[in-house]
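Novice: Shown below is the structure under consideration.
The values are calculated or read from the model by the stated rules, or taken from the named source; none is laboratory data. Keep in mind the model is a prediction, meaning the values are calculated, not measured. Reconstructed Cβ throughout: ideal geometry from the backbone, glycine too, with neighbour counts over all protein chains shown.
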Amino acid sequence: MHEYGLLSVVPPLLTIAVAIYSRNVIFSLALGIMSGSLIISDFHPFDALLNAIENQVLKEVSSGTHAQVILTILCIGGFVKLLEVSGGARAFASRMTAVVSTRAKAQLLAWLSGLGIFFTDSGNSLIIGPLYRSVFDEFKLCREKLAYILDTTSAPISILIPFIGWGAYIMSLIERSYAEVGLTENVFSVLVNVIPYQFYAFLALLTVPIVIYTGKDYGPMKRIQEQYLAENPSVASASSVDQTKTADDRLSIFLYPLGVMLILIAGLITWHAMHEGISGTHIRSTLVIAYLAASLTCAEMMRRYKSTSYTESLGVFVEGAEKLVYISIVLVLAWSLSSVTSDLRTADYFASIISGTVAPAYFPVIVFVLGSIISLSTGSSYGTFAILMALAIPVGLELGASMYLTIAAVLSGGLFGDHISPISDTTVLASVGADCSHINHVTTQGAYAGITGLVTILAYLLAGIYETPYVLFFAIAVLAVCMVLAMKFFGSEVVGATKR
């Protein structure tokens with residue numbers, strides 16, 4: 001098999017650099033794919049073009065899993081548009097501002113809702129995001145803050161639950177690697193014992209309430225929030241609760257479809273869990289069924305209370321789906337770039353960097369850093385887990401490093417890199433859920449996640465020396481101090497958003 005060496009890192013790094021500089025996601029992704037295809041094709045332009053189209057883009061488009069994700073996104077886009085046109089979303093926002101009286105409570109409620117959708121990382125953003133867009137608009141909170149909350153409560157909560165798709169996948173990787181080195185411990189027990197060492201997942205989840213508590217923003221988030229207020233100067237206020245039949249009807253247009261959606265999601269997920277188990281396909285089919293049923297319910301409510309015909313509602317649904325075509329293109333290109341990095345064996349190259357002997361105490365932190373780099377470059381935590389788990393377990397065993405800590409470092413590294421990668425599908429879907437600029441989401445989230453990642457490095461360094469999960473509590477304290485200090489010296493409170 002061809003070894004590309006240092007050239008294998010060119011496409012992902014070029015994509016990230018161009019995306020941040022140009023703020024044009026499609027151009028940067030296309031450039032990354034083409035540069036990778038040129039390397040694969042020994043720099044023959046025509047062969048590279050064929051490779052990019054046939055072996056990368058078309059292959060990813062024809063993937064059953066990816067086609068399911070795109071269909072799911074289009075269905076959600078149609079449903080959200082129906083809620084907007086019906087007035088149900090505005091009614092929900094008005095009622096929420098009557099109940100949730102401060103910006104902090106609005107953000108905290110979105111965070112708690114995200115924790116509740118633990119069974120799917122992508123579904124988290126697509127379910128919670130549309131519900132809170134109008135609420136954040138009412139409180140004059142920028143959509144990038146919503147995207148940050150969505151992204152930070154998606155994969156970080158999913159990876160801590162051992163009985164969902166994430167857990168099943170991780171256990172399969174552990175089982176295979178353990179078998180290769182002769183370890184026989186029950187893999188479910190291993191995963192449960194690894195949970196207290198998944199420092200980044202816990203710290204990322206706790207960063208959100210810390211940020212909310214300070215009531216401030218810093219870095220790109222501060223700049224974009226100030227820009228948002230400048231463009232939307234009117235002050236949001238709690239809407240009065242109108243008890244007229246019209247207001248009740250408008251709210252019912254939101255509540256009934258939402259109820260249908262949530263009941264179907266809960267019912268179908270429970271049914272799958274009791275029969276074949278919850279797979280990625282089951283999650284996506286559940287979302288398609290639930291959102292289509294909710295859309296039909298919304299169309300019926302609009303016919304009853306607003307005299308909107310089914311044909312008109314169908315037109316609205318299609319219009320909403322069309323708005324997400326751009327995001328679907330971004331996803332296809334992101335998957336294609338991931339395919340390119342797989343062909344170039346980018347992850348293998350990064351993994352080879354630590355093939356030498358290191359001290360056992362420092363091995364977990366090295367694994368975390370390497371996993372972060374691989375995941376950032378490839379945009380895939382799943383791919384990072386697969387590559388790095390097969391390397392880290394045998395090397396860690398040979399060095400005498402803690403297996404639980406080593407496995408946790410693989411998971412945390414893959415999670416952190418995926419969290420800050422502009423080419424990660426979960427990062428893209430958080431932008432979709434919040435309906436904000438993708439590059440803005442990446443830059444605003446990176447400023448907060450960066451501090452969390454640095455504290456995680458400290459945590460794995462200390463855990464490698466002392467080998468105790470109680471390091472997590474020290475890391476939480478350090479994180480809180482760092483975030484508060486960052487807000488104090490570099491942040492500012494958003495003035496004029498709404499009453500606190």
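Novice: From the list THR427, THR452, THR444, pick out the single residue that is touching a Lys or Arg at 6+ places or on another chain (Cβ under 9 Å) and either surrounded by fewer than 24 Cβ atoms within 10 Å (Cβ to Cβ) or part of a helix (DSSP H, G or I) (or both). Spell out the reasoning first.
Specialist: Numbers: THR427 fails: touching a Lys or Arg at 6+ places or on another chain (Cβ under 9 Å); THR452 fails: touching a Lys or Arg at 6+ places or on another chain (Cβ under 9 Å).
Answer to the check: THR444.
Novice: What number of residues within the range 402-424 are of a type outside the set (A, V, I, L, M, F, W, C), buried (at least 24 other Cβ atoms within 10 Å of the Cβ) and in a helix (DSSP H, G or I)?
Specialist: So the first thing to find is which residues in the range 402-424 are of a type outside the set (A, V, I, L, M, F, W, C), and the list is 402, 404, 406, 412-414, 417-419, 421-422, 424.
From what is left, the residues that are buried (at least 24 other Cβ atoms within 10 Å of the Cβ) are 406, 412-414, 417-419, 421-422, 424.
Now restrict to residues that are in a helix (DSSP H, G or I): 406, 412-414, 417-419.
Counting residues in the range 402-424 that are of a type outside the set (A, V, I, L, M, F, W, C), buried (at least 24 other Cβ atoms within 10 Å of the Cβ) and in a helix (DSSP H, G or I) gives 7.
Novice: Determine whether GLU467 is of a type in the set (D, E, K, R), within 20 Å of GLN198 (Cα to Cα) and out of contact with any Asp or Glu (no Cβ under 6 Å at 6 or more places or on another chain).
Specialist: On the way: of a type in the set (D, E, K, R): yes; within 20 Å of GLN198 (Cα to Cα): yes; out of contact with any Asp or Glu (no Cβ under 6 Å at 6 or more places or on another chain): yes.
Criteria met by GLU467.
Novice: Out of all the residues in the range 284-313, which are of a type in the set (Lys, Arg) and surrounded by 15 or more Cβ atoms within 10 Å (Cβ to Cβ)? Explain how you work it out, then say what you get.
Specialist: Step one: of the range 284-313, the residues of a type in the set (Lys, Arg) are 284, 303-304, 306.
Once the filter is applied, which keeps residues that are of a type in the set (Lys, Arg) and surrounded by 15 or more Cβ atoms within 10 Å (Cβ to Cβ), the range 284-313 yields ARG284, LYS306.
Novice: Inside the range 133-191, can you point out the residues that are touching a helix residue (DSSP H, G or I) at 6+ places or on another chain (Cβ under 6 Å), among the aromatic types (Phe, Trp, Tyr) and not in a helix (DSSP H, G or I)?
Specialist: PHE139 - this is the single residue of the range 133-191 that is touching a helix residue (DSSP H, G or I) at 6+ places or on another chain (Cβ under 6 Å), among the aromatic types (Phe, Trp, Tyr) and not in a helix (DSSP H, G or I).
Novice: For the range 399-411, does any single residue satisfy the condition of being touching a helix residue (DSSP H, G or I) at 6+ places or on another chain (Cβ under 9 Å) and over 16 Å from TYR460 (Cβ atoms)?
Specialist: Going residue by residue through the range 399-411, those that are touching a helix residue (DSSP H, G or I) at 6+ places or on another chain (Cβ under 9 Å) are 399-411.
Add one more test, that the residue is over 16 Å from TYR460 (Cβ atoms), and what stays is 400.
Yes - at least one qualifying residue is present in the range 399-411.
Novice: Let me ask something else. Which one of the conditions (1) surrounded by fewer than 19 Cβ atoms within 10 Å (Cβ to Cβ); (2) of a type in the set (Val, Ile, Thr); (3) in a helix (DSSP H, G or I) does VAL208 fail to meet, given that it meets all the rest?
Specialist: Here VAL208 meets the rest and fails (1).
Novice: Starting from residues that are buried (at least 24 other Cβ atoms within 10 Å of the Cβ) and among the hydroxyl-bearing types (Ser, Thr, Tyr), keep the ones in the range 339-372 and report whichever is modelled with the lowest pLDDT.
Specialist: So, considering only residues that are buried (at least 24 other Cβ atoms within 10 Å of the Cβ) and among the hydroxyl-bearing types (Ser, Thr, Tyr), the one modelled with the lowest pLDDT is THR346.
Novice: Among the hydrophobic types (A, V, I, L, M, F, W, C) and either surrounded by 24 or more Cβ atoms within 10 Å (Cβ to Cβ) or in contact with a Leu (Cβ under 9 Å, 6 or more places away or on another chain) (or both): does that describe LEU399? Let's see the steps before the verdict.
Specialist: On the way: among the hydrophobic types (A, V, I, L, M, F, W, C): yes; either surrounded by 24 or more Cβ atoms within 10 Å (Cβ to Cβ) or in contact with a Leu (Cβ under 9 Å, 6 or more places away or on another chain) (or both): no.
No; evaluated as a whole, the condition is false for this residue.
Novice: Just to be sure I understand, how many residues within the range 393-445 are within 30 Å of ILE465 (Cα to Cα) and among the hydroxyl-bearing types (Ser, Thr, Tyr)? Outline the logic, then answer.
Specialist: Taking the range 393-445 as the starting set, the residues that turn out to be within 30 Å of ILE465 (Cα to Cα) are 393-421.
If we keep only those that are among the hydroxyl-bearing types (Ser, Thr, Tyr) too, we end up with 402, 404, 406, 412, 421.
The total comes to 5.
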